[in-house]
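Q: Shown below is the structure under consideration.
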Amino acid sequence: MAQKSLKVESVAEAYLALLAERGVEYLFANAGTDFAPIVEALAKADAIGSPAPKPMIAVHENLAMSMAHGYAMVSGKVPAVMVHVSVGTANAICGALNAARESVPILFTAGRTPLTEEGLAGARDAYIHWGQEMYDQAGMLREVVKWDYELRNAEQLETVVDRALAIARSEPCGPVYLTLPREVLAAPLAELRYQQPARRVAAASPRADEAALAEAAKILAAAENPLILTTSAGRDPAALEALAALAEGFAIPVVQFSPRHLSLPCDHPMQLGFNPTPLVAEADAVLVLESDVPWIPSRVSPPAHARVIHVGLDPLFQRYPIRGFLCDVAIPARVSGALDELAHLLESRCDKRRIERRRARVAERHAVLHGQWQALRDSVRGARPIHPAWLSHCIEEIKGDGAIVVNEYTLMQEHCGFRRAGSYFGSSSASGLGWGLGAALGAKLAAPERLVIATLGDGAYLFANPVAGHHAARLHGLPILTIVFNNAMWNAVRRATLGMYPEGAAAKSNHPAFIHLEALPAFEAVCASAGGYGERVEDPAELPAALVRALDAVTHERRQALLNVICQAPGGAI
Ligand SMILES: Cc1ncc(C[n+]2csc(CCOP(=O)(O)OP(=O)(O)O)c2C)c(N)n1
Ligand SMILES: [Mg+2]
């Protein structure tokens, strides 16, 4: 435990130095007049070589948040984001919602309009300094973040920064929000004194309660048809192996519903796909691992006699207003540890013959399911417009095991397999569109040696503010491959309409409102305009070669690339 000190001239310098000392490597930012002391402090840090996070410009706040999100989810470190007062915060909230629901730790900060009208250094000196002030700037997002506060003076700096980071890093992790008034940042300060390492650390993750685990083991051992459902077990990298071992050892099938992380390798014998509906209906015990929505109750629910166990860092998802999934045992725990202990408990309780009978049944289902997927791929490989299953399969063929894929909606995982922990990331359950492009850039920043692919719908791409995204890729030297599944529509809106009104007027209309996206710009030219490689692909036979060309630009020329793949939207008439 050491008391350290650093010569500084302002609170802003001390603040930035402390962030760097606490391991915050990057400050993703979109600036305004509130940034003057930060700009000054960064220039000084640069000139004299004092510690500071690396500044990363993003020309839209949603991009800054998405880049920070992608960086945090791949690196496991906490990034800082800073935006311009009330208005910048407003633009960033969609990104904060995404990060909050995915438990992604971000130190989200914003300037405050100068509080004083004259007198102090940093006091108001521009027209906007009145209109941008709010009574409660943090009120806009208090429901979203885990904690918010305003830095009021230099004396509290270390406590405030350490508390912000400790709360962001304590499970379930998530964004915290700190406002930084201009006068406070500009205030003179001669020395930063701080403890290194920090004396206010994050809370350790919870370990499963023994009695609750024993109850869970009893339920699973007694079941004929147990089922594991997960969305994000793989957020804990050790969970992939633990889940693979438990599922295989006790022949329990696994469905990854709406996965945001890879939780089980695609070729695992217990991998039964991505649709829980048929299996939930037959299960007599369900083990839900890190899943906010394990099934859709209006479609299916476990039979009344089935017992349901939920395991996760917050198995009740306490920040969700309503969530009524049946739950007989709820175990707050890191999934990998809980699964290891559960496997140990099951070892002595299970009936080996029953397990082997089940293994044979699951193998049959596995073969049928994988056969159906293969048959679909075979039937659509020549389809024009290109079928998303064929595109997904072609991506699997080129990506290699080391790639990171960031998917906003459109990649079909049954046709594009993943094996390694941390190789797949899906969009947040908050589903704030416009995340994928920025998140892929942040992932590349965290893992520059790995191939990073963003798979996006045409809608998701447009929401991402593509000019800003391609600019960031070029400016920060982040050569990613973006693949747009361009069906020229918001198919999600179409599917929702057909689902509610299968025989309705919209289903019969040639041109229902708010579904088709006509007159789309040439996405490949948008990427090319930022120095990237761009290509439009319409011919399914040409797709593998186009992917190789794009990959070559990314890996050999170290240029970003985009394939604008003209796709069909399967399922439904309009
Ligand atoms: C910020 C935001 N606005 C609107 C929506 C509603 N929404 C969900 S999916 C979707 C369409 C996505 O289009 P695209 O990416 O092209 O995928 P597709 O539905 O065509 O497969 C929309 C508009 C949203 N999720 N987030
Ligand atoms: Mg679309």
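Q: So VAL83 clears everything in (1) surrounded by 24 or more Cβ atoms within 10 Å (Cβ to Cβ); (2) over 12 Å from GLY111 (Cβ atoms) except one condition, right? Which one?
A: Evaluating VAL83 over (1) surrounded by 24 or more Cβ atoms within 10 Å (Cβ to Cβ); (2) over 12 Å from GLY111 (Cβ atoms) leaves (2) as the failure.
Q: Also, quick follow-up: List pairs: first residue in the range 434-459 and at negative phi, second residue within 15 Å of ligand 2 (Cβ to nearest atom) and modelled with pLDDT under 95 anywhere in the structure, Cβ distance under 7 angstrom, at least six positions apart or on different chains.
A: As it stands, the answer is THR455/THR410; LEU456/THR410; GLY457/TYR409; GLY457/THR410, since those pairs meet every condition given.
Q: Also, I was wondering about something else. Within the range 422-444, is there a residue that is modelled with pLDDT of 95 or more, over 30 Å from VAL144 (Cβ atoms) and small (Gly, Ala, Ser)?
A: no
Conditions tested, residue by residue: (1) in contact with a strand residue (DSSP E or B) (Cβ under 9 Å, 6 or more places away or on another chain); (2) within 26 Å of LEU441 (Cβ to Cβ); (3) away from ligand 1 (no atom under 15 Å from the Cβ).
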site	(1), (2), (3)
GLU503	no, no, yes
ARG549	yes, yes, yes
ARG559	yes, yes, yes
GLN568	yes, no, no
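Q: Take the residues in the range 393-408 that are in a helix (DSSP H, G or I) and under 12 Å from TYR424 (Cβ atoms); name whichever of them is most open to solvent (accessible area, probe 1.4 Å).
A: GLU396
Q: Considering only the range 429-447, state which residues are surrounded by fewer than 24 Cβ atoms within 10 Å (Cβ to Cβ) and either away from ligand 2 (no atom under 16 Å from the Cβ) or among the hydrophobic types (A, V, I, L, M, F, W, C) (or both).
A: SER429, ALA430, GLY432, LEU433, ALA446, ALA447
Each row is one residue, and each column tells you yes or no for (1) over 19 Å from the mean Cα position of the chain (by Cα); (2) open to solvent by less than 20 Å² (accessible area, probe 1.4 Å); (3) closer than 22 Å to GLN372 by Cβ.
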site: LEU411; (1), (2), (3): no, yes, yes
site: GLU449; (1), (2), (3): yes, no, no
site: ILE453; (1), (2), (3): no, yes, no
site: ALA468; (1), (2), (3): yes, yes, no
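Q: Taking GLY499 as the residue in question, decide whether it is of a type in the set (Gly, Ala, Ser), within 15 Å of ligand 1 (Cβ to nearest atom) and open to solvent by less than 20 Å² (accessible area, probe 1.4 Å). First the steps, then the outcome.
A: Details: of a type in the set (Gly, Ala, Ser): yes; within 15 Å of ligand 1 (Cβ to nearest atom): yes; open to solvent by less than 20 Å² (accessible area, probe 1.4 Å): no.
No; evaluated as a whole, the condition is false for this residue.
Q: If you check PRO315, PRO294, PRO332, which single one turns out to be modelled with pLDDT of 95 or more and open to solvent by 30 Å² or more (accessible area, probe 1.4 Å)?
A: PRO332
Q: Now a separate question. In the range 344-356, which residues are within 38 Å of the chain's Cα centre (by Cα), assigned to a helix (DSSP H, G or I) and of a type in the set (D, E, K, R)?
A: GLU347, GLU356
Q: Looking only at the range 167-184, how many residues end up being open to solvent by 10 Å² or more (accessible area, probe 1.4 Å) and not charged (D, E, K, R)?
A: 5
Q: Now, a different point. Count, please, the residues in the range 470-491 that happen to be within 16 Å of ligand 2 (Cβ to nearest atom), open to solvent by less than 60 Å² (accessible area, probe 1.4 Å) and out of contact with any strand residue (DSSP E or B) (no Cβ under 7 Å at 6 or more places or on another chain).
A: Looking only at that region, the number is 1.
Q: Search the range 243-262 for residues that are of a type in the set (S, T, N, Q) and pair each with any residue that is surrounded by fewer than 23 Cβ atoms within 10 Å (Cβ to Cβ) when their beta-carbon atoms are under 6 Å apart and the residues are at least 6 apart or on different chains.
A: GLN256/PHE274
Q: Still on this model: What is the number of the single condition among (1) modelled with pLDDT under 95; (2) open to solvent by less than 30 Å² (accessible area, probe 1.4 Å); (3) not basic (Lys, Arg) that ASN98 does not meet?
A: (1)
The values are calculated or read from the model by the stated rules, or taken from the named source; none is laboratory data. Remember, it's a predicted structure, so these values are computed and weren't measured experimentally. No Cβ is skipped: glycine too gets one built from the backbone with ideal geometry, and neighbour counts run over all protein chains shown. With ligands, DNA and RNA removed, areas are computed over all heavy atoms of the protein, side chains included. Shrake-Rupley method; radii C 1.70, N 1.55, O 1.52, S 1.80 Å.
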